[in-house]
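First comes the structure, then the notes that go with it.
No lab work stands behind these numbers, since they all come straight from the coordinates. Since this is a predicted model, take the numbers as computed values, not measurements. Please note: Cβ atoms are built from the backbone with ideal geometry, for glycine as well, and neighbour counts cover all protein chains shown.
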Amino acid sequence: MAKQKKKRTKVYSGADAATSRPTITRVQAANRNKVSQWWFDHKRIAKPVAIAAVILLVIIIVIVEVVRLATGSA
């Protein structure tokens with residue numbers, strides 16, 4: 001097998017080199033009320049917790065209803 005040629009990693013900085021463009025940081029601003037701002041800030045944590053709470057509530061309601069049917073209470 002032939003020896004592989006080493007890749008060039010040095011940045012070209014000659015006279016006709018491409019000038020680096022400044023990075024643009026886009027900022028999104030919005031006027032939100034306190035609840036909307038809280039939701040925007042905590043959405044990543046609050047959304048899964050809220051979904052888990054709803055699922056847990058549904059499971060508890062189903063279990064209670066099954067027990068009520070099994071015991072014959074009206």
- prompt: If you place +1 on the Cβ of every Lys and Arg, -1 on the Cβ of every Asp and Glu, and leave all else neutral, what size is the dipole of the chain about its Cα centre, to the nearest 20 Debye?
  reply: 900
- line: Over the chain, the sum of -39500 (n - 2.57) across DSSP H runs of at least four, divided by residue number and rounded to 500 deg cm²/dmol, gives at 222 nm -19000 deg cm²/dmol
- request: Could you tally the net charge around V35, taking each other residue with its Cβ under 14 Å from the Cβ of V35, Lys/Arg +1 and Asp/Glu -1?
  value: +2
